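The values are calculated or read from the model by the stated rules, or taken from the named source; none is laboratory data. Bear in mind that the values here come from a model prediction, so they are computed numbers and not experimental data. Cβ placement follows ideal geometry from the backbone for every residue including glycine, while neighbour counts extend to all protein chains displayed. Note: accessible area is taken over every heavy atom of the protein model, side chains too, but ligands, DNA and RNA are not part of it. Shrake-Rupley method; radii C 1.70, N 1.55, O 1.52, S 1.80 Å.
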Amino acid sequence: NLTWLALVSLLATGFAWLIGSKFVIGYVKVRTEAEEARARLAAIVESSEDAIIGMRLDGIVASSNAGAESMYGYRTHEIVGQPIERLIPPELHDEVGDLLEIVKLGRGINRYESKRMRKNGQTFDVSASLSPVRDLAGKVVGAATITRDVTLLRKGEEQLLAYTDQLENLNSLS
């Protein structure tokens, strides 16, 4: 009887180890794949030339990428923890509350145009998108903005309009 008990115990232990190791290996594999996917996404965000800024629902900057550093002139450690209004001209500060209210409703805004402000106080034209950031339960916990400097594009449009006006004036004179 003792031999049978030892044999059954050994078989049960081996079976439990086999099944348990499969679950552990599966869990480790899924976890590794998730970490690799997260690292790929982080690399994409970090390498973007557009400014990508994450903020909390109270308008405090939570993260920024290298594109934001280049565009605004603030190093990440200088802007994280600061109000997003630092990047917005004073006359447009009311825009922040309106945008965050839209995000709190779970909606985003695609390609709105506005002005932003660099660390040195210079303002510039931007095209931006704003999206809600959700936690694992789907609750909106923040916002993400992707901003592109369109100052050169605006200047080109102005020059084209001026040139068109000049051509129309020359045409009417002739």
query = What's the center-to-center distance, using Cα atoms, between the range 74-116 and the range 1-29 in Å?
reply = 57
request  = Mind pulling the angle between the C-alpha long axis of helix 94-104 and the longest principal axis of the chain? Nearest 10 degrees, somewhere in 0 to 90.
outcome  = 30
inquiry  = Suppose only helical runs count, i.e. DSSP H with n ≥ 4. What mean residue ellipticity at 222 nm does that imply for the chain under -39500 (n - 2.57) per run, divided by all residues and rounded to the nearest 500 deg cm²/dmol?
reply    = -17500 deg cm²/dmol
task = Report, in degrees rounded to the nearest 10, the 0 to 90 angle that the Cα long axis of helix 2-47 makes with the longest principal axis of the chain.
result = 10
query = Dipole magnitude of the range 1-95 about its Cα centre, charges +1 at Lys/Arg Cβ and -1 at Asp/Glu Cβ only, in debye to the nearest 20?
reply = 960
note = Expressed to one decimal in nm², the mean projection of the alpha carbon convex hull of the range 59-115 is 4.2
task = Report the extension gain between GLU46 and ASP94 in nm, rounded to one decimal, defined as 0.36 nm multiplied by the number of residues separating them, less their alpha carbon distance.
result = 14.4 nm
Ranked packing of 151-159, 54-62, 109-117, most packed first, by mean Cβ within 10 Å = 54-62, 109-117, 151-159
key: Net dipole in debye of the range 85-154 [+1 Lys, Arg Cβ; -1 Asp, Glu Cβ; about Cα centre; nearest 20]   = 280
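Whenever you get a sec, compute what percent of the accessible area on the chain sits on carbon and sulfur atoms (1.4 Å probe). Let's see the in-between values first.
Working: 7370 of 12190 Å².
Carbon-and-sulfur percentage of accessible area, whole number: 60.
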message = Whole percent per 5 Å bin, from 0 to the bin with the longest distance: what is P(r) over all C-alpha pairs of the chain?
response = 1, 7, 11, 14, 13, 9, 7, 6, 5, 5, 4, 4, 3, 3, 2, 1, 1, 1, 0, 0, 0, 0, 0, 0
request  = Could you tell me how many degrees, from 0 to 90 and to the nearest 10, lie between the Cα long axis of helix 151-173 and the main elongation axis, the longest principal axis, of the Cα atoms of the chain?
outcome  = 30
task = Towards the positive end of the charge dipole of the range 21-121, with charges on Cβ (+1 Lys, Arg; -1 Asp, Glu), say which of TYR74, ILE25, LEU105 has the farthest Cα.
result = ILE25
key: Computed magnitude of the charge dipole of the chain (debye, nearest 20; Cβ of K, R +1, Cβ of D, E -1)   = 960
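Per residue, how large is the accessible surface of the range 61-123? Use a 1.4 angstrom probe and give square angstrom. Present the calculation step by step, with values, prior to reporting the outcome.
On the way: 3570 Å² over 63 residues.
Per residue, the range 61-123 has an accessible area of 57 Å².
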request  = Please build a GNM for the chain, connecting alpha carbons under 10 Å apart, and tell me which residue among LEU160, LEU87, LEU11 fluctuates the most.
outcome  = LEU11
